1. HN-Hα J couplings of the range 110-122 from phi, Karplus 6.51/-1.76/1.60, θ = phi - 60°, integer Hz, Gly and Pro as x?
2. Please rank L134, L90, fewest neighbouring Cβ atoms within 10 Å first, as an exposure proxy.
3. Determine the relative contact order of the range 35-148: mean sequence separation of Cα pairs under 8 Å and six or more apart, normalised by residue count, in whole percent.
4. Alpha carbons only, please: Rg and Dmax for the range 35-148, in angstrom.
5. In whole Hz, with x marking every Gly and Pro, tabulate ³J(HN,Hα) for the range 2-13 from phi via Karplus 6.51 cos²θ - 1.76 cosθ + 1.60, θ = phi - 60°.
6. Using the Karplus curve 6.51 cos²θ - 1.76 cosθ + 1.60 with θ = phi - 60°, work out ³J(HN,Hα) for each residue of the range 127-138 in order, rounded to whole Hz, and write x for Gly and Pro.
7. Might you report the magnitude of the Cβ-based charge dipole of the range 60-156 about its Cα centre, with Lys and Arg at +1 and Asp and Glu at -1, to the nearest 20 debye?
8. What number in nm² do you get for the range 62-120 if you take the convex hull of its Cα atoms and divide its surface by four?
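Taken together, the values in this text are just the output of simple stated rules run on the coordinates, not laboratory data. Since this is a predicted model, take the numbers as computed values, not measurements. Don't worry about glycine lacking a Cβ; one is built from the backbone with ideal geometry, like all the others, and counts go over all protein chains shown.
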Amino acid sequence: MSTKKIIIVGGIAVFALLGLGFFGLVSFTEKIANSRDCESFNVDHIEVRAKVNIPPVLDADCNYDADKKRKTTVFILNKQVFDIVEYSRLHDFKKTDSIPANFRDFDADGISALKNPKLFLREGKTQTNSYSMLLDTQSGKLWVDLRYFYDENPIR
């Protein structure tokens, strides 16, 4: 086989592999964005939906209610490995003195147990969902409330 043919065949093979890799990456990203359950890609899904980076987590308690099209998660953040005050500033959390009702709705016991909380709120919406995030910089807890505007249809 001549050198020219080897280069052409090699180029086609590399191009095909890059195309397959790109297709795989797109498919994987869509899987994360559409994964509403609490078992796989929970943190990644919330990051995509709420357009935020979730810091290192020690524990999480998640619930997805398909009838309400609502996913709620309580994270216990690892405050030892990141600056929680800087995190709240970087992600546009706003100081709040009150706890919105939707958070009491899914973690009344955890919210009422807070001692001298320092609360910060972040809310927003996209074309596909709304999100509310409540951060207590004192305890290191982060509550996330995602509400979907559509049924189980995938993002495209």
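1. x, 5, 5, 7, 5, 10, 6, x, 10, 9, 9, 10, 9
2. On the way: L134 24, L90 11.
By the 10 Å Cβ count, ascending: L90, L134.
3. On the way: 183 pairs, mean separation 30.6, N = 114.
Once divided by the residue count of the range 35-148, the mean separation gives 27 percent.
4. For the range 35-148, the Cα-based Rg and Dmax read 13.1, 38 Å.
5. For the range 2-13, the Karplus-derived couplings read 6, 4, 4, 5, 4, 5, 5, 4, x, x, 5, 5 Hz, x marking Gly and Pro.
6. Taking θ as phi minus 60°, the curve returns 5, 10, 7, 10, 9, 10, 10, 10, 10, 9, 6, 6 Hz for the range 127-138.
7. Here the size comes out at about 240 debye.
8. Numbers: hull surface 20.3 nm².
Mean projected area for the range 62-120: 5.1 nm², to one decimal.
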